[in-house]
Amino acid sequence: MVRIIAFLVGGFFSLMLLLALGNTIYLGITEPAAKTAEHEFHKKPEKVDFSFNGPLGKYDRPQLQRGLKVFQEVCAACHSLKLVAFRNFADLGYDEGQVKAIAAAWPTETPSIDPNTGEATTRKSLPIDKIPSPYANEVMARAANNNALPPDLSLITKARHDGSNYVYSLLTGYQAQPAELVKQFPDSKTGKGLHYNPYFANLNIAMNKPLNDGQVTFDDGAPNDVKSMAKDVSAFLTWTAEPKMENRKSGGLATLGFLLFFTVLTYMSYRSIWAGQKD
């Protein structure tokens, strides 16, 4: 009797689930979700030919250095790199003296304590310091950015899908809001203090267009148009998120090589052991 009751109860719940699923499918077909501006006008990131793409890809050190300069002169005004220390820049090809100079010239000084008064103060950064935030706290950051909190960019290319391409597309995607969008979705007009960017999730971003042609001058004479600078800083932010990418790739290839060798060796051993055996 207990088994029959349990069977009936299970059957009842299974039937309810099937009915609910069927109703959901029916409504999805007969009453599709209303279209939104985000659904119609949001774009996927452009595919960029980065040097580190693919299993054999490697970082372009001069490009990373240019990206660092773009970050230092443009992005550092609002964003931090809390997980990166100045000494890590030695991996970009800088010597000890250059790293010290970069740290000392950073636009935001490192928070410190006055040893005489105990009051909060700041000092020139040292190679051992992490990249400081341009704001003392979240309230100050929001007050300076239309109540939007500028994210830390240490891991931004891993925090966003297709991160490197996303950062590049976002930086180069600022444009006037299409008239067709406003015509179809009058309530989606870009508000005051916001900027239209089809690569941003809701199409409207609080950050001003950060890059303009000729804004940063490179020592090697590399192009400094918006697209070139966006590519350089996107590569740099990929490095901050994955500084050991090259080691990971080379280690993976070495592992695959070992597995291939071991497979061939195992097969040859198998053939040698069973060569004299008859069926």
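Details
- Hits in the stretch 195-225 (condition: out of contact with any Gly (no Cβ under 8 Å at 6 or more places or on another chain), aliphatic (A, V, I, L, M) and either within 19 Å of residue 79 (Cα to Cα) or buried (at least 20 other Cβ atoms within 10 Å of the Cβ) (or both)): 203, 205, 207, 211, 216
- Scan the stretch 237-262 for residues that are charged (D, E, K, R) and in contact (Cβ under 8 Å) with a residue 12 or more places away in the chain and the total you get is 3.
- Residue within the stretch 254-266 that is surrounded by 10 or more Cβ atoms within 10 Å (Cβ to Cβ) and not in a helix (DSSP H, G or I) present: no
- Which listed residue, of 234, 188, is polar (S, T, N, Q), touching a helix residue (DSSP H, G or I) at 6+ places or on another chain (Cβ under 6 Å), farther than 30 Å from residue 87 by Cα and touching a residue at least 60 places away in the same chain (Cβ under 8 Å): 188
- In the stretch 134-146, the residues that are of a type outside the set (Val, Ile, Thr) and part of a helix (DSSP H, G or I): 138, 140, 141, 142, 143
- Where residue 211 falls short, out of the listed (1) among the hydrophobic types (A, V, I, L, M, F, W, C); (2) part of a helix (DSSP H, G or I); (3) within 18 Å of residue 167 (Cα to Cα): (2)
- Residue selection: residue 68 satisfies the criterion of being among the aliphatic types (A, V, I, L, M), in a helix (DSSP H, G or I) and either under 19 Å from the mean Cα position of the chain (by Cα) or surrounded by fewer than 18 Cβ atoms within 10 Å (Cβ to Cβ) (or both).
- Restricting the stretch 173-208 to residues that are closer than 26 Å to residue 142 by Cβ and outside any loop (DSSP other than H, G, I, E, B), the residue that is farthest from the chain's Cα centre (by Cα): 187
- Criterion applied to 169, 164 was being polar (S, T, N, Q) and more than 22 Å from residue 41 (Cβ to Cβ), and the one residue passing it is 164.
- Tabulated pairs, the stretch 201-222, first charged (D, E, K, R), second surrounded by 16 or more Cβ atoms within 10 Å (Cβ to Cβ), C-beta under 6 angstrom, 6+ apart or interchain: 209/174; 213/226
- The set of residues from the stretch 266-279 being modelled with pLDDT under 85 and among the aliphatic types (A, V, I, L, M) comprises 273, 275.
- Some residue of the stretch 112-124 being buried (at least 16 other Cβ atoms within 10 Å of the Cβ) and either assigned to a helix (DSSP H, G or I) or out of contact with any Lys or Arg (no Cβ under 7 Å at 6 or more places or on another chain) (or both): no
- The residues listed here are 153, 170, 149; of these, the one that is within 29 Å of residue 101 (Cα to Cα) and either in a loop (DSSP other than H, G, I, E, B) or at pLDDT 95 or above (or both) is 153.
The values are calculated or read from the model by the stated rules, or taken from the named source; none is laboratory data. Nothing here was measured: the structure is a model prediction, and the numbers come from that model. Please note: Cβ atoms are built from the backbone with ideal geometry, for glycine as well, and neighbour counts cover all protein chains shown.
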